[in-house]
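These notes concern the structure reproduced below.
The values are calculated or read from the model by the stated rules, or taken from the named source; none is laboratory data. The model shown is predicted, which means the values in this text are computed figures rather than measured ones. Every residue, glycine as well, gets a Cβ built from its backbone with ideal geometry; the counts of neighbours run over all protein chains shown.
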C-alpha cells in the first residue's frame, strides 16, 4: 500500500499522525489491538499453569438414575350458551406453562344445552390436538354430561350418542384425558367467553 495515497484518502489523518504514518511506512509494522494482547497473555498464563482438580465422589446424587420430568398437563375449560340470542361455545385452553388460548364459536344450527356442551367439548379437544397436547385435564360444569362421557350414566337421547362416539375417537390421540366436575361459580372465565 502506498502511504501517500493512504494519507490523501483518510481526511482524519493530519499533522503528527500523517508524519508518523509516512515515517513508519518504510518498516513492516503490524498493529495489534491492546485488548487482543491482554487476552492472549491470559490464555498463555492459563495454559502454562494448569489447575489440578481433585474429583470428590461425595457430590454424586443418591437418585441420579431418576430424571425429573415436568408434568405437561394442559387444562381445558369451556362453557356453552343456548338461548334466544343464539348458540355458541367458549373454550379456554391453558398450557402447562400457563399460556391462555381462548376460542369462541357461534353455532349456526339449533341445539339443546347438552348438545352445545358436547360441541364445546369437541371444539376443546380438537384445539388441544392442534397444539399437540398429550395430557389434558378437562374441567366441565355439567355433571350430567361428564357422567355420560365417562359412561357412568347412560345417554337417553339418540342425538347425543354420535357426540359421545366422536369424543372417544378424539381421546385416542391423547396419552391421558381426565374429566373433572367444576362448579358453575368457578367457571367464570369460560362462562364469560
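Report yes if some residue within the stretch 30-38 is at pLDDT below 75 and closer than 30 Å to residue 131 by Cβ; otherwise report no. So far as the stretch 30-38 goes, no, none of its residues is at pLDDT below 75 and closer than 30 Å to residue 131 by Cβ. Checked against (1) modelled with pLDDT of 75 or more; (2) touching a helix residue (DSSP H, G or I) at 6+ places or on another chain (Cβ under 6 Å); (3) within 22 Å of residue 155 (Cβ to Cβ), residue 77 meets all criteria but (3). Candidates in the stretch 12-29 are the residues that are assigned to a loop (DSSP other than H, G, I, E, B) and surrounded by 10 or more Cβ atoms within 10 Å (Cβ to Cβ); of these, the one that is modelled with the lowest pLDDT is 13. Within the stretch 94-133, the set of residues being free of Cβ contacts under 8 Å to residues at least 24 places away in the same chain, more than 21 Å from the chain's Cα centre (by Cα) and surrounded by 16 or more Cβ atoms within 10 Å (Cβ to Cβ) comprises just one member, 107.
Note on the stretch 143-168: residues that are free of Cβ contacts under 8 Å to residues at least 40 places away in the same chain and crowded, with 21+ Cβ neighbours inside 10 Å total 3.
Evaluate the stretch 152-161: report whether one residue or more is within 18 Å of residue 76 (Cα to Cα) and in a helix (DSSP H, G or I). No, because not a single residue in the stretch 152-161 is within 18 Å of residue 76 (Cα to Cα) and in a helix (DSSP H, G or I). Limited to the stretch 132-175, what total is found for residues that are more than 24 Å from residue 81 (Cβ to Cβ) and at pLDDT 85 or above? Qualifying residue count, the stretch 132-175: 12.
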